[in-house]
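What follows is calculated from the coordinates using simple rules that are stated; it is not laboratory data. Because the structure is predicted, anything quoted here is derived from the model rather than measured. All Cβ positions, glycine included, derive from the backbone under ideal geometry; neighbour counts span all protein chains shown.
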Amino acid sequence: MRRYKRGDQVTARSDIGGINVPDVPAGAVGTVVETTLTGRPKKIHFALETPWGPKRFDVGVHRRHVELD
């Protein structure tokens, strides 16, 4: 297992969404903002284009939701 570090580019493996999280489609590219002590991704920054304009936000994720580019 490779450790993630701040600034790594990642791709969403599947759709990510929740109650307080905007929908992130599978295949969206983001940047690691925060990791755990063991090197797992904790927060990812996404910048997406939507019909209402560009959206930028951080999403809390698990390792199974993203993969390194």
Take each of the peptides 11-19, 39-47, average the number of other beta-carbon atoms within 10 Å over its residues, and list them starting from the highest.
-> 39-47, 11-19
Extreme residue, positive dipole direction of the chain, given options Leu48, Ala26, Gln9 (C-beta unit charges) | Gln9
Label-zone membership for the stretch 32-52, site Asp69, 7 angstrom Cα→C-beta point, backbone N under 14 Å = 32-33, 45-48
Along the principal axes of its C-alpha atoms, what lengths does the chain span, in descending order and rounded to whole Å?
-> 37, 22, 17
